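Novice: Please read through the structure below; I'll follow up with questions.
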Amino acid sequence: MGVNWAQVLFNSAVTGSLYLIAAVGLTLTYGLSGFPNFAYAEFMTLGAYMGYFVVRQLGFDVYFAFIAAFLACGILGALAYRGVFRFLANRGANKIHLMVGSIALGFVIRYIIGDIWGWPATTFGIRWPGFDIGPLRVTDLWLALIFTALVLAVIMHLLLTRTKTGKAIRGISSNPELALASGINIERVTLVTWAGGAALAGIAGLFWGAIASLSPLLGWAMILPVFAVTILGGIGSFYGVLAAAFIIGLAENIGVVALTQLGLSTEYRMAIAFIILIVTLILRPQGLAKAFRRT
Amino acid sequence: MGLFVYSLDIIVFIGIFAIVALSLNLEYGFTGLGNFGKVAFFLAGAYTYAILMERTGIPFYLALIMAMLVSAGIGYLVSLPALRLREDYLAIVTLAIGEVLRLVVKTEDSIAHGVWGITVPPAIHWSGMSVLEMRMVNIGLVYFCLILCFIFFQLMTRSPYGRVLRAIREDEVAAEALGKNRVKYKAQVFMLGSALAGLGGGLYAQYMQYINPYMFLPMVTFTVWIMVIVGGPANNWGVLLGAGLVILFERGARIIKDYLLLPIDPINLQYILFGVLVIFLLAYRPQGLLKERQLETKAIEGVQKWKNRSSE
């Protein structure tokens with residue numbers, strides 16, 4: 001059976017781009033606040049449904065969907081930080097409490113979405129025009145996704161190296177006390193990161209909803225590879241995530257080919273991310289971050 | 001009569017989930033391990049029991065013991081990569097294993113008929129058995145296991161072993177400095193917790209007489225966590241209370257759904273309320289309804305006496 005390797009590589013770039021957009025916010029907030037926010041799955045779901053609301057229910061153009069997802073999830077991220085996590089942390093919650101709190105928040109958001117838009121899966125009802133480039137089958141949406149990821153990578157790089165906020169994020173992540181002593185406004189930087197990260201999660205969710213389908217469990221279905229990307233990249237490291245997103249994208253797409261050749265179900269795609277997660281924890285729990293850290 | 005039989009169903013469920021909640025209490029309440037994949041071990045127990053009962057003729061108690069052993073084995077494997085690391089890694093790995101195990105039983109039809117589910121023959125059965133009798137038998141079986149578990153947990157958590165676990169929860173480094181191998185203790189606790197979650201799963205499969213992968217969604221884990229947090233981490237009585245309250249609340253929502261017309265689906269509302277409740281409990285009463293009891297040892301008595309004398 002012939003495998004179209006060009007297509008596999010292209011699909012890997014699509015998957016990697018999606019994981020990059022989805023994981024940037026998670027890894028940065030994880031690095032700053034020190035706990036994994038499991039409600040992140042629901043930020044993605046909300047992004048997808050905001051797009052659905054704007055496109056299907058209000059009848060606007062699809063560009064507005066991205067703006068709506070970005071803004072709504074950004075606000076949600078800021079509210080989640082201010083209203084739940086900082087509140088809990090100020091009352092002396094430990095790391096496990098914060099993780100349980102994030103799962104609880106996730107349930108609240110998921111069931112509100114489920115109640116408003118219903119549980120059955122649905123779609124945007126847009127046919128994305130596809131065309132062939134040589135042996136490749138591509139659609140506008142996939143190209144837009146890769147383009148968004150590239151733009152994001154450039155912006156994040158400039159933000160983290162050239163702006164005060166970006167430097168502050170890196171500073172707090174590696175040494176909060178020193179950052180505080182240097183006069184960095186930790187509160188403001190953390191809030192901005194939570195809002196921005198959640199907004200990006202919303203965009204990722206919207207892309208995924210447009211490529212596949214929407215359901216209130218959309219984010220939950222994506223959370224495992226996104227966590228694998230975060231751990232493989234090294235918590236808090238943007239450059240680590242950049243590499244890890246494409247590594248896992250590639251592994252998943254090659255894995256799907258291997259699974260079909262072996263006659264196994266392609267549903268095991270998710271298990272590939274899980275195996276990478278476990279192997280990373282055994283061999284290199286600090287992730288790839290060290291390879292990218294400039295001292 | 002109908003109401004009575006229905007209430008028996010609730011009693012069985014409280015018993016099954018109390019066992020699972022007690023096992024989480026051992027892990028989280030006493031030892032400070034955040035297991036966010038409780039459903040994985042519940043699933044492992046349920047499927048082990050179901051498969052053994054369907055394919056082999058072994059007596060049900062052996063199947064239950066096998067369910068516990070298989071869950072404990074999976075618990076041990078899961079704990080290997082994560083226990084040496086920070087607690088958030090364990091949370092992520094356990095959460096992931098819940099999803100992966102469900103994926104496996106859903107995809108591999110040869111294991112247990114995939115999405116079609118698997119029927120489980122009842123453990124104790126005689127011809128002409130009514131629903132009422134069936135439930136009474138289950139109450140006997142489940143509560144026999146629950147009482148054994150409860151006594152075991154009470155004795156264990158008050159023993160020197162239990163004090164080591166609390167010490168690890170409070171300060172790992174100090175416990176290690178006193179020569180307690182924290183990774184070994186945590187792995188043991190994790191295996192034991194998984195085994196008892198597996199027992200709960202086996203009892204669940206035997207009571208339901210049919211299981212499919214959709215019965216093991218992540219909300220099972222969340223429900224068990226609420227029981228522990230509401231009732232009181234590190235207090236076994238509190239966890240029993242929590243299990244009872246949460247199951248009653250869940251059933252209440254289902255009954256309301258049938259009789260009341262609300263602008264919001266009561267089952268959705270129930271999970272939204274659970275979420276809000278957990279956040280508020282974590283903020284205002286993280287010790288739960290019933291607080292953890294102080295240790296009672298000769299040494300602490302001595303310290304108390306000495307303190308009283310020195311304050312005079």
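The values are calculated or read from the model by the stated rules, or taken from the named source; none is laboratory data. Just so we're clear, the structure is a prediction, and the values are computed from it rather than from any experiment. Here the Cβ is made from the backbone with ideal geometry for all residues, glycine too, and neighbour counts use every protein chain on show. Each accessible area value is taken on the protein alone, full model and side chains, heavy atoms only, with ligands, DNA and RNA left out. Shrake-Rupley method; radii C 1.70, N 1.55, O 1.52, S 1.80 Å.
Novice: Nearest 0.05, what FRET efficiency do residue B:129 and residue A:175 give at R0 = 45 Å with Cβ-Cβ as r? Don't jump to the answer; show the numbers that get you there.
Specialist: Values: r = 67 Å, r/R0 = 1.50.
After rounding to 0.05, the efficiency reads 0.10.
Novice: Once the Cα atoms of helix A:238-262 and of chain A are each reduced to a long axis, what angle between those two axes, in degrees from 0 to 90 to the nearest 10, is obtained?
Specialist: That works out to roughly 30 degrees.
Novice: Cα-based Rg of the stretch A:144-271 per 2.2 N^0.38 Å, rounded to two decimals?
Specialist: Values: Rg = 17.4 Å, N = 128, 2.2 N^0.38 = 13.9 Å.
In units of the globular-protein estimate, the stretch A:144-271 measures up at 1.25.
Novice: What is the diffusion coefficient of the stretch B:2-311 in µm²/s, taking the Kirkwood radius over Cα pairs and the Stokes-Einstein relation at 4 °C with a viscosity of 1.567 mPa s?
Specialist: On the way: Rh = 20.4 Å.
Stokes-Einstein gives a translational diffusion coefficient of 63 µm²/s.
Novice: To continue, here is another question. When only the heavy atoms of the protein chains count and the probe is 1.4 Å, how do B:214, B:89 rank by accessible area, highest first?
Specialist: On the way: B:214 120, B:89 20 Å².
Per-residue accessible area, sorted high to low, gives B:214, B:89.
Novice: Let me ask you something else. Between residue B:54 and residue B:301, with labels modelled 7 Å along Cα→Cβ, what's the label distance in nm to one decimal, could you check?
Specialist: 5.6
Novice: While we're on this one: For residue B:257, what accessible area in Å² do you get when you roll a 1.4 Å probe over the heavy atoms of the protein chains, rounding to the nearest 10?
Specialist: Residue B:257 exposes around 90 Å² with every protein chain in place.
Novice: Hey, can you find the accessible area per residue of the stretch A:5-292 for me, probe 1.4 Å, expressed in square angstrom?
Specialist: 40
Novice: Label-point separation (nm) for residue A:159 and residue A:188, each offset 7 Å from Cα along Cα-to-Cβ?
Specialist: 1.7
Novice: Counting heavy atoms of the protein chains only and a 1.4 Å probe, report the per residue accessible area for the stretch B:240-302 as a whole number of Å². Write down the numbers at each step before the final one.
Specialist: Numbers: 3830 Å² over 63 residues.
Solvent-accessible surface per residue comes out at 61 Å².
Novice: Against the longest alpha carbon principal axis of chain B, how many degrees, from 0 to 90 and to the nearest 10, is the axis of helix B:182-208 turned?
Specialist: Helix B:182-208 and the main axis of chain B meet at about 30 degrees.
Novice: Also: Would you count, across the protein assembly as shown, every pair of lysines whose alpha carbons are under 29 angstrom apart, provided the pair is eight or more residues apart or spans two chains?
Specialist: 28
Novice: Further question on the same structure: How large a share of the accessible area of chain B, in percent, is made up of carbon and sulfur atoms when the probe is 1.4 Å and the other protein chains stay in place? Write out the running numbers ahead of the final one.
Specialist: On the way: 9300 of 13810 Å².
Of the solvent-accessible surface of chain B, carbon and sulfur hold 67 percent.
Novice: I need the calculated FRET efficiency for the pair residue B:292 and residue A:82, taking r as the beta carbon distance and R₀ as 35 Å, to the nearest 0.05.
Specialist: Numbers: r = 31 Å, r/R0 = 0.88.
That gives a FRET efficiency of 0.70.
Novice: Okay, next question. Which translational diffusion coefficient, to the nearest whole µm²/s, is obtained for the stretch B:167-312 from the Stokes-Einstein equation, given a Kirkwood hydrodynamic radius over C-alpha pairs, 4 °C and 1.567 mPa s?
Specialist: Working: Rh = 18.8 Å.
Estimated via Stokes-Einstein, D reaches 69 µm²/s.
Novice: Using alpha carbons only, how many degrees (0 to 90, rounded to 10) separate the axis of helix B:160-170 from the longest principal axis of chain B?
Specialist: For helix B:160-170, the angle is close to 80 degrees.
Novice: Am I reading the B/A interface right? What is its buried accessible area, both sides, 1.4 Å probe, to the nearest 100 Å²? Display every interim value, and only then the final one.
Specialist: Numbers: alone 15770 and 14350 Å², together 26180 Å².
Interface area, both chains combined: 3900 Å², rounded to the nearest 100.
Novice: Still on this structure, I have one more. Any idea what the dipole of the protein assembly as shown comes to, in debye rounded to 20, about its Cα centre with Lys/Arg Cβ at +1 and Asp/Glu Cβ at -1?
Specialist: Values: 43 positive and 29 negative charges, 345 e Å.
Charge dipole of the protein assembly as shown: 1660 debye, to the nearest 20.
Novice: Could you work out the relative contact order of the stretch B:2-311, using alpha carbon pairs under 8 angstrom and six or more residues apart, expressed as a whole percent? Can you show the working numbers first?
Specialist: On the way: 454 pairs, mean separation 97.3, N = 310.
Answer for the stretch B:2-311 is 31 percent.
Novice: Compute the semi-axes of the equivalent ellipsoid of the stretch A:112-165, taking the square root of 5 times each eigenvalue of the Cα gyration tensor, and list them largest first in whole Å. Walk me through the numbers on the way to the answer.
Specialist: Working: eigenvalues 186, 128, 8 Å².
Equivalent-ellipsoid dimensions as semi-axes: 30, 25, 6 Å.
Novice: Give, in nm to one decimal, the length gained when the segment between residue A:7 and residue A:151 is fully stretched (0.36 nm per residue of separation minus the Cα-Cα distance). Numbers along the way, then the final one.
Specialist: Values: separation 144, 0.36 × 144 = 51.84 nm, distance 2.24 nm.
Taking 0.36 nm per residue and subtracting the Cα distance, the gain is 49.6 nm.
Novice: Distance between Cα centroids, the stretch A:123-138 to the stretch B:180-248: provide it in whole Å.
Specialist: With the stretch A:123-138 and the stretch B:180-248 each reduced to a Cα centre, they are spaced 47 Å.
Novice: Same structure again: Pop the C-beta distance of residue B:108 and residue B:310 into the FRET formula with R0 = 56 Å and round what comes out to the nearest 0.05. Write down the numbers at each step before the final one.
Specialist: Working: r = 67 Å, r/R0 = 1.19.
Approximately 0.25, to the nearest 0.05.
Novice: While we're looking at this one, here's another question. For peptide B:83-89, compute the average count of partner chain beta-carbon atoms within 10 Å of each residue's beta-carbon. Working shown, then result.
Specialist: On the way: counts 0, 3, 4, 5, 5, 10, 7.
Mean partner-chain Cβ count within 10 Å for B:83-89: 5.
Novice: Okay, moving on. Enter the mean number of other protein chain beta carbons within 10 Å of the beta carbon of each residue in A:221-230, as an integer.
Specialist: 2
Novice: Okay, moving on. Given the convex hull over the Cα atoms of the protein assembly as shown, what projected area results after averaging over all orientations, in nm²?
Specialist: Working: hull surface 131.5 nm².
Value for the protein assembly as shown: 32.9 nm².
Novice: Still on this structure, I have one more. Work out Dmax and Rg for the stretch A:16-127 from the C-alpha atoms and quote the Rg first, both in angstrom.
Specialist: In Å, with Rg to one decimal and Dmax whole: 15.2, 50.
Novice: Which three semi-axes in whole Å describe the equivalent ellipsoid of the stretch B:33-183, each the square root of 5 times a Cα gyration tensor eigenvalue, listed largest first? Display every interim value, and only then the final one.
Specialist: Values: eigenvalues 237, 101, 26 Å².
After diagonalising the Cα gyration tensor, the semi-axes are 34, 22, 11 Å.
Novice: What does the structure give for B:267-275 when I average, per residue, the other chain Cβ atoms found within 10 Å of the residue Cβ? Before the final figure, lay out each step's value.
Specialist: On the way: counts 3, 9, 3, 1, 8, 8, 3, 4, 12.
That average works out to 6.
Novice: Could you pull the Cα extents of the stretch B:55-128 along its three principal axes, largest to smallest, in whole Å?
Specialist: 55, 26, 19 Å, listed from the longest principal axis down.
Novice: Which chymotrypsin sites (Phe, Trp or Tyr not before Pro) in the stretch B:112-162 pass both tests, a DSSP loop state and at most 16 other beta-carbon atoms within 10 Å?
Specialist: Working: sites: B:116, B:126, B:143, B:144, B:150, B:152, B:153, B:161; in loops: B:126.
Those that pass, being in a loop and sparsely packed, are B:126.
Novice: Ok, one more. Which three extents, in angstrom, do the Cα atoms of the stretch A:213-295 have along their principal axes, listed largest first?
Specialist: Reported extents, whole Å, longest axis first: 46, 32, 19.
Novice: For the stretch A:5-292, what is the charge dipole size about the Cα centre, in debye to the nearest 20, if Lys and Arg each add +1 at the Cβ and Asp and Glu each add -1 at the Cβ?
Specialist: Details: 16 positive and 9 negative charges, 141 e Å.
Result for the stretch A:5-292 is approximately 680 debye, rounded to the nearest 20.
Novice: Give the Debye-formula value of log10 I(q)/I(0) at each listed q (0.09, 0.13 Å⁻¹), with one equal scatterer per alpha carbon of chain A, two decimals each.
Specialist: Computed log10 I(q)/I(0) values: -0.43, -0.91.
Novice: Rounded to whole Å, give me the distance from the Cα center of the stretch A:207-284 to that of the stretch B:85-113.
Specialist: 14
Novice: Filter the GluC sites (Glu not before Pro) in the stretch B:1-104 to those in DSSP coil with at most 11 other Cβ atoms within 10 Å of their Cβ, and list the result. It would help to have the intermediate numbers written out before the result.
Specialist: On the way: sites: B:27, B:54, B:87, B:99; in loops: none.
In loop regions of the stretch B:1-104 (DSSP not H, G, I, E or B), there are no sparsely surrounded GluC sites (Glu not before Pro).
Novice: What order do you get for B:264-276, A:103-115 when each peptide is scored by the mean count of other beta carbon atoms within 10 Å, highest first? Please list the in-between numbers first.
Specialist: On the way: B:264-276: 18.5, A:103-115: 23.0.
In decreasing order of mean packing, B:264-276, A:103-115 become A:103-115, B:264-276.
Novice: Which percent of the accessible area of the stretch A:5-292 is formed by carbon and sulfur heavy atoms (probe 1.4 angstrom)? Please list the in-between numbers first.
Specialist: Working: 7870 of 11520 Å².
Within the stretch A:5-292, the accessible surface is 68 percent carbon and sulfur.
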